[in-house]
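Colleague: Take a look at this one; I'll ask things after.
The values are calculated or read from the model by the stated rules, or taken from the named source; none is laboratory data. Predicted, not measured: the structure shown is a model, and the values here were computed from it. Reconstructed Cβ throughout: ideal geometry from the backbone, glycine too, with neighbour counts over all protein chains shown. Ligands, DNA and RNA are stripped out before the accessible areas are found, and what is left, the full protein with its side chains, is counted by its heavy atoms. Shrake-Rupley method; radii C 1.70, N 1.55, O 1.52, S 1.80 Å.
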Amino acid sequence: MTSRLLFTLFISLVGMTSLLAQSDCESTLLRAQEEFDGGRFYSVPEILEGCLEKNQSRDWEQRAYLLLAQTYLLLEEPEKADDSYLKVLRADPEFVTDPAHDPIDLVYLSKKFTATPILSFYGRVGLNTTFIHVLHDVRISPQGNVKEGYTGRMGWQGGAGVQFHYNDRISFGGEINYVFSSFRHRSHGMFLEGNYNVDFSERQTWLNVPLLAKYTWPISSFEPYVYGGVFANILLGSKANIVINSNVESPVINVLDMRSGTNHGLLLGGGFRYKWKLRYLFAEVRYLQGMSNVADPAQRYNQINQSWPYVDDDFRLSNLSLNVGYLHPLYKARKLKKARTKSVLRKLERRGDHE
């Protein structure tokens, strides 16, 4: 009991010490701002030096280094001003100066730098359903009034990807996904008697590798985006069950050798991402249009239809999925090779016209 009490007191003391230190450095920043406003620029770096050597909050560091950047600009020390502004972006990668309120020399300085991410990593999970497109209908029972059809069933997927950002709107990416999908084929009224009903259910696992290009509208905290691309699928496994007249069921059958093993096609998608601090949560819809025959015609008549009244059609598979995920941008504060100052001049010209 005594040990627990001492530990609690120790944690409380550490917390209070940290709060006091932060409060003290907040007062220090206010004093440095007063010196700056009074035109005593040379004293500003010295006042902030002690607190800058300690761990501070991102907000405090942003304000402190922004004050230092302005100070060094007025002291005509461009290298130190550059270094200070880089540290502003490291504290807050999405900080943007405002020409309407910030000093013009600071706005010009900011246009020499960026912290937009070059790469982002993300993970995604979701649910899917499969669509079957028959290329060639093959019937084991030409007699009778046979009715047949395919139905997609619920599946799931999960994966990870990486994006390369060309700019804040256009990006290119690649993914690796594990996909479980399922579908069902039913035939009613088979053979002369018309009393055979066959229910074939297949469950597949795929390795899905898409390459895509994305366009994002960074208009608010909710940012819509669309993308398109190509994909390749590798079939990892495929198992099936056959049920006759709802009462005779086959064992689980491995039908991997009846499939082509690969699939490829086009994909389209879109969704919204929500900015959460410096990260993103997203939700999207994706459609994959398969372009190749999944059935292997050379294996159409094998040991399965020797024991069970079923034969494969030639067919393509498509997939519609709903996904949610988390995106982690890798922000990198850096100096641009060419400053982006034209936009500043245009804004100043427009402001001058209004005045």
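Colleague: Which order do peptides 47-53, 311-317, 64-70 fall in by mean Cβ count within 10 Å, highest first? Walk me through the numbers on the way to the answer.
Modeller: Values: 47-53: 15.4, 311-317: 19.7, 64-70: 22.3.
For the peptides 47-53, 311-317, 64-70, the packing ranking is 64-70, 311-317, 47-53.
Colleague: Continuing with this model, one more query. Subtracting the Cα-Cα distance from 0.36 nm times the residue separation, let me have the gained length for L30 to L236 in nm, one decimal.
Modeller: Values: separation 206, 0.36 × 206 = 74.16 nm, distance 6.32 nm.
Separation in residues times 0.36 nm, less the Cα-Cα distance, equals 67.8 nm.
Colleague: By how many nm would the segment from V96 to A283 grow when fully extended, if each residue of separation counts as 0.36 nm and the alpha-carbon distance is taken off? All intermediate terms of the calculation are to be shown ahead of the outcome.
Modeller: Working: separation 187, 0.36 × 187 = 67.32 nm, distance 2.73 nm.
Fully extending the segment from V96 to A283 adds 64.6 nm.
Colleague: Could you calculate the FRET efficiency of K337 with V243 from 1/(1 + (r/R0)^6), where r is the beta carbon distance between them and R0 is 56 Å, rounded to 0.05? Mind showing how you got there, number by number?
Modeller: On the way: r = 67 Å, r/R0 = 1.19.
Once rounded, the FRET efficiency stands at 0.25.
Colleague: May I ask for the net charge around R58, where only other residues with Cβ less than 13 Å from the Cβ of R58 are counted and Lys, Arg are +1 while Asp, Glu are -1? The partial results should precede the final answer.
Modeller: Numbers: positive: R63, K87, R90, K277; negative: D59, E61, D92, E94.
Cβ neighbours under 13 Å give a net charge of 0.
Colleague: I would also like to ask the following. Suppose a student asked you for the relative contact order of the chain, using Cα pairs under 8 Å spaced at least 6 residues apart; what percent would you report? Intermediate values should be presented prior to the final figure.
Modeller: Values: 735 pairs, mean separation 59.0, N = 355.
Relative contact order of the chain: 17 percent.
Colleague: Follow-up question, since we're still on this one. Please compute the net charge surrounding M258, taking Lys and Arg as +1 and Asp and Glu as -1 over other residues with Cβ under 14 Å from its Cβ.
Modeller: Numbers: positive: R203, K239, R259, R300; negative: E202, D257, D296, D312, D313, D314.
Counting the neighbours of M258, the net charge comes to -2.
Colleague: Now for a separate question. Just checking my list (1) 38; (2) 55; (3) 26 against percent of Cα pairs over 33 Å apart computed from this structure; which label fits?
Modeller: Of the labelled values, this structure produces (2).
Colleague: While we're here: Using a 1.4 angstrom probe, figure out how much accessible area the chain has per residue, in square angstrom, rounded to the nearest whole. Don't skip to the answer; put the middle values down first.
Modeller: Details: 19980 Å² over 355 residues.
About 56 Å² of surface per residue is accessible.
Colleague: May I ask which of K275/K338; K214/K275; K111/K337; K87/K112; K275/K335; K112/K277 have a Cα-Cα span longer than 22 Å here?
Modeller: Numbers: K275/K338 29 Å; K214/K275 17 Å; K111/K337 11 Å; K87/K112 14 Å; K275/K335 25 Å; K112/K277 24 Å.
Too far apart for the 22 Å limit: K275/K338; K275/K335; K112/K277.
Colleague: Could you tally the net charge around D296, taking each other residue with its Cβ under 9 Å from the Cβ of D296, Lys/Arg +1 and Asp/Glu -1?
Modeller: Details: positive: R259, R300; negative: D257, D312.
Local net charge: 0.
Colleague: Separate question: Treating the beta-carbon of each Lys and Arg as +1 and of each Asp and Glu as -1, no other charges, what is the dipole magnitude of the chain about its Cα centre, to the nearest 20 debye?
Modeller: On the way: 40 positive and 38 negative charges, 110 e Å.
Taking the Cα centre of the chain as origin, the dipole is about 520 debye.
Colleague: Tell me the mean residue ellipticity at 222 nm calculated for the chain from its helices only (DSSP H runs of n ≥ 4, each -39500 (n - 2.57), averaged over every residue, nearest 500). Please report the intermediate quantities before stating the final value.
Modeller: On the way: 7 runs with 102 residues, N = 355.
When only DSSP H runs of four or more count, the value is -9500 deg cm²/dmol.
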